[in-house]
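Here's the structure we're looking at; comments come further down.
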Amino acid sequence: MNVISNKWIGQRTIRPDGADKVTGRAAYGADTVMPGMIWARVLRSPHAHARILRIDTSKAEALPGVKAVMTAKDVVEFPLDKSVMLGIQDMRWMCRNVMAREKALFHGHPVAAVAATTEAIAAEACALIEVEYEVLPWVIEIEDAIKPDAPILHDFIKLDGKPSNIAGKLEHKLGDVDAGFAQADVVIEREFKTRPVHQGYIESHACLVSVSPDGKATIWSSSQGQFMVRAMSAYLTGIPQSDIRAIPAEIGGGFGGKTIIYLEPLALILARKSGRPVKMIMSREEVFRASGPTSGSMSKVKIGATKDGKIVAAQGTFYLQAGALPGSPIRGAAGCAFAPYDIPNVHSLGFDVVSNRSKVAAYRAPGAPIGAYAVECVVDEIAEALKMDPLELRLKNAAKQGTKAAHGPVYPRIGFVETIEAALAHPHYKAPLGKHQGRGVASGFWFNAGGESSAQVNVTEDGNVVVTTGHPDIGGSRASTANITAELLGIDYKRVSVLIGDTATIGYSNLTGGSRVTFASAMVVTQSTEKVITTLRERAAKIWKIDPEAVTWDDGEARPAGDNAGKFPALTLAEIAAKASETGGPIGAGVQLNTAGAEGGFATHVCDVEVDLDLGIVRVLRYTSFQDVGRAIHPSYVEGQMQGGAAQGIGWALSEEYIYDKKGRVDNASFLDYRMPVCSDLPMLDTVIIEVPNPKHPQGVRGVGEVPLVPPLAAVSNAVYNALGRRFYSLPMSPPRVLEVLEGA
Amino acid sequence: MAKLHVATTINGEPMEFLCDPGQSLLDALRGTLGLTGTKEGCGTGDCGACSITLDGRLVCSCLMLAAEAEGREIATIEGMAAGEDLHPLQQKFLEMAALQCGICTPGMLIAARNLLERNPDPTETEVRFWLAGNLCRCTGYDKIVRAVMETAEEMRGAAR
Ligand code: FES
Ligand code: FES
């Protein structure tokens, strides 16, 4: 690890993109226009499940102002029997998700799209498209979808040789659970349900696509990865990746929901057909109906412990909704559920269940909050049964360096214990509670990811620095990059500009996701900057005519060292830059890596609630998150991740859910009816940053962004139990449900 | 459909534009006038991303017809800074990291400025209820509320 001087790393610098974002200059997905631009709209299925017998677009095409119409036949088809993966996405499903092919699989599934001179004409033309449907029986909830006589979405998905809605299974085993349970003095088994929730980014999906007559395409869009946009668009349109330039707009929130695309291939096809730049923006209603959400779930968790509080066995079964096409985050649910604990005998099982809902997309630690909700509630019950403090029980069983996790790894140095100890020692944990108030705790784990990243660090002729990376900056990552570069070069932070390159100007970089951006970009930026420093030393050596080994780089300048110390006046970055062309040319370096060593992240949350017994409203009174972040490069944005995740978790626990009507249609597709926390719903969200440096990272960074959403569901739920003396086994604990439980008592 | 002619004032500048009778003010601002600093999150009055002030009153521009701007004074995010001098709220939002993705930020700033004009000394609860119409999915509101309170304090100090 580098010596940390703390001049810039760990400072609360002003983000490089900040001024643009507080003045309205920053260009998001919907903010770019082009001369000659036309607008496209999508025609969506009015049915939850229907075979598409015929589509007649002739009337739409004849409408004045219409420039192009497309259907699934314009999208590259990937046969059902052969998987083609891009990251975790299978193109078989993506090609059917962006445009319904054999069948419409959910209400809101795209069936056709029209580009016209105005949005109004495009919408009018959509209404003129005739689609003949054979309406099929549909199924929405997991418990219905896994029944033997359930309507089957896909005949080709088979379980034990028979068509099934169970599209996948994942299993983790450690030790022998039966033997483990036999040793237990207390065994508790419970069933839980959670509802699908949407990522809720405030910026809708939007893009602008232009295709020039030579077939080269440019895409401006807001996503969690311009390279993902390029690759998926290439797959779905057949255009080579080298002919697509994907330019990342500023992104107005993603939380995983923008790790796949919906509009770009449609706009690309329409732009190619019409010869005009095509702009598309999803309405909020479309965002709710046909993008995201994360899975709803049904789980069963059984945990056994000895009298002295040692957890000896744990078993979990997690059914997750995939939506209409396979691919729910069972790995996150089954893999993370027991990962915080050192348990010798574990059996964790996940099932991927399709039903007639929109295909799920990643949502912040995908699947992990679902697993943790069930496990952390049962752990709470175990503590109660053993008359132990719930944090002490967690501490006693906490995973540490050397613990073998059921999902595979043996942990290196991790900071889980430190999060629990910090929570135990915090005044919040001892603060008195009033009537109808309760306190809950929960912990959580997320894998974190490394993966491909690229960076280019260039010294300008006037001796300043421009850093380009390939990751859309959702929450301040440019500030972290600037902090690191300034630190290593020993120059003022303000002399570093940080840009996000497009697919033509920077090397391949994987998604802004998996809590990987600060981790991975710090690695490539560090290596690039170190190369630049080597060059700067060489140039100074050349000027002084001494050996480069005899030059050090300190405090932003080259200094002669060893025998030569003091012989020449130091050369600043600006002085070396000014002589660059005489000493060997431009100064800059790029590094591309497949980064590894992103060790897991852990957090413990403490939540106080008050329940209004008349109205059934649960209010969060106080909330404190304790998280091991490895090293906080920019503490404000680390805290921001912790606070944002806690708020989303509180929404998931208390108010957010999809409501379906009797015809299998989403009945609450608006911000008014899909109830995310607003400012007056929340208290301040306190954070305690714990820094147990990741030994595998130059600055000690661990991923930060996703862990914060793992503990809150159970923390809130356990707090409600503590307030009411009654447990909820399903979310959200919205006022009608709270009243139901209170009245049923 | 014949377009309507609208004469209005935006950020202190007289402006004229043509609009469809059914066009929202948000659409006219973002589309016709190219003032894309005002954001759209829903188009139905539920997120506050499109917040502007109309004759000093905080409104959702997505819920207003463009034609209703006739003869009125509109303030948008583009007029909040005076040249290079950021408004104290803008500066504080940067210093305190009260934005992550930033899509809610223009609306938040417009709403917060409007609050401080009416109530220079708001309580935390007053800030929270005033901003309850402005959704932010990234921050959990903590740093936003703190930034507004701190700006209020500083502005009171400066006014003394
Ligand atoms: S866009 Fe106007 S309130 Fe959401
Ligand atoms: S900062 Fe992203 S919505 Fe508020």
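The values are calculated or read from the model by the stated rules, or taken from the named source; none is laboratory data. What you see is a predicted model, and the numbers here were worked out from it, not measured in a lab. Every residue, glycine as well, gets a Cβ built from its backbone with ideal geometry; the counts of neighbours run over all protein chains shown. Ligands, DNA and RNA are stripped out before the accessible areas are found, and what is left, the full protein with its side chains, is counted by its heavy atoms. Shrake-Rupley method; radii C 1.70, N 1.55, O 1.52, S 1.80 Å.
Looking at B:M64, is it more than 9 Å from chain A (Cβ to nearest Cβ) and either without any contact (Cβ under 8 Å) to a residue 60 or more places away in the chain or more than 9 Å from ligand 1 (Cβ to nearest atom) (or both)? Taking the combined requirement at face value, the residue satisfies it.
The residue of region A:29-47 that is least open to solvent (accessible area, probe 1.4 Å), among those that are touching a Pro at 6+ places or on another chain (Cβ under 9 Å) and away from every other protein chain (no Cβ under 14 Å), is A:S45. Only one entry of A:S283, A:S328 meets the criterion of being within 27 Å of A:S509 (Cα to Cα) and among the polar types (S, T, N, Q), and that entry is A:S328. Note on region A:462-521: residues that are touching a His at 6+ places or on another chain (Cβ under 7 Å) and among the aromatic types (F, W, Y) amount to 1. With the structure loaded, tell me whether B:T44 is within 7 Å of another protein chain (Cβ to nearest Cβ) and among the polar types (S, T, N, Q) or whether it fails that test. Taking the combined requirement at face value, the residue satisfies it. Here is a check on your reading of the model: is A:A234 at pLDDT 95 or above, away from ligand 1 (no atom under 16 Å from the Cβ), surrounded by fewer than 24 Cβ atoms within 10 Å (Cβ to Cβ) and among the aliphatic types (A, V, I, L, M)? For A:A234, the condition - at pLDDT 95 or above, away from ligand 1 (no atom under 16 Å from the Cβ), surrounded by fewer than 24 Cβ atoms within 10 Å (Cβ to Cβ) and among the aliphatic types (A, V, I, L, M) - is met. In the set A:G225, A:G257, A:G252, only one residue is out of contact with any Asp or Glu (no Cβ under 7 Å at 6 or more places or on another chain) and either within 14 Å of chain B (Cβ to nearest Cβ) or among the aromatic types (F, W, Y) (or both); that residue is A:G257.
All conditions in (1) touching a residue at least 40 places away in the same chain (Cβ under 8 Å); (2) more than 9 Å from chain A (Cβ to nearest Cβ) hold for B:P120, with the sole exception of (1). Condition test on B:T151, is it within 22 Å of A:G640 (Cβ to Cβ), of a type in the set (S, T, Y) and more than 12 Å from ligand 2 (Cβ to nearest atom)? Answer is yes for this residue.
All conditions in (1) within 17 Å of B:L131 (Cα to Cα); (2) more than 12 Å from chain A (Cβ to nearest Cβ); (3) not charged (D, E, K, R) hold for B:C50, with the sole exception of (2).
For the structure I just gave you, tell me whether B:E78 is more than 10 Å from chain A (Cβ to nearest Cβ), surrounded by fewer than 24 Cβ atoms within 10 Å (Cβ to Cβ) and of a type in the set (D, E). Judged against the criteria, B:E78 is not a match.
Check whether at least one residue in region B:73-94 is within 16 Å of ligand 2 (Cβ to nearest atom) and touching a Cys at 6+ places or on another chain (Cβ under 8 Å), and report yes or no. The answer is no, given that none of the residues of region B:73-94 is within 16 Å of ligand 2 (Cβ to nearest atom) and touching a Cys at 6+ places or on another chain (Cβ under 8 Å). Scanning region A:314-325 for residues that are in contact with a helix residue (DSSP H, G or I) (Cβ under 7 Å, 6 or more places away or on another chain) and either open to solvent by 10 Å² or more (accessible area, probe 1.4 Å) or of a type in the set (K, R) (or both) yields a total of 2.
For region B:137-160, the tally of residues that are within 7 Å of chain A (Cβ to nearest Cβ) and either farther than 18 Å from B:T123 by Cβ or open to solvent by 10 Å² or more (accessible area, probe 1.4 Å) (or both) stands at 5.
Filtering region B:81-99 to residues that are more than 7 Å from every other protein chain (Cβ to nearest Cβ), part of a loop (DSSP other than H, G, I, E, B) and either open to solvent by less than 20 Å² (accessible area, probe 1.4 Å) or at pLDDT below 95 (or both) leaves B:G83, B:E84, B:A98. The set of residues from region B:1-56 being of a type in the set (K, R), under 24 Å from A:G36 (Cβ atoms) and touching a strand residue (DSSP E or B) at 6+ places or on another chain (Cβ under 8 Å) comprises just one member, B:K3.
The condition of being outside the structural domain of A:I269 (by TED's automatic domain parsing) and open to solvent by 40 Å² or more (accessible area, probe 1.4 Å) holds for only one of A:L159, A:L86, that being A:L159.
Within the option set A:K173, A:K162, being away from chain B (no Cβ under 14 Å), more than 30 Å from A:A30 (Cβ to Cβ), free of Cβ contacts under 8 Å to residues at least 60 places away in the same chain and away from ligand 2 (no atom under 16 Å from the Cβ) holds for one residue only, A:K162.
Within region B:26-41, if we keep just the residues that are within 10 Å of ligand 1 (Cβ to nearest atom) and in a loop (DSSP other than H, G, I, E, B), the residue that is nearest to the other protein chains (Cβ to nearest Cβ) turns out to be B:G41.
A:G475 - would you say it is open to solvent by less than 20 Å² (accessible area, probe 1.4 Å) and not assigned by TED's automatic domain parsing to the domain that holds A:A578?
no
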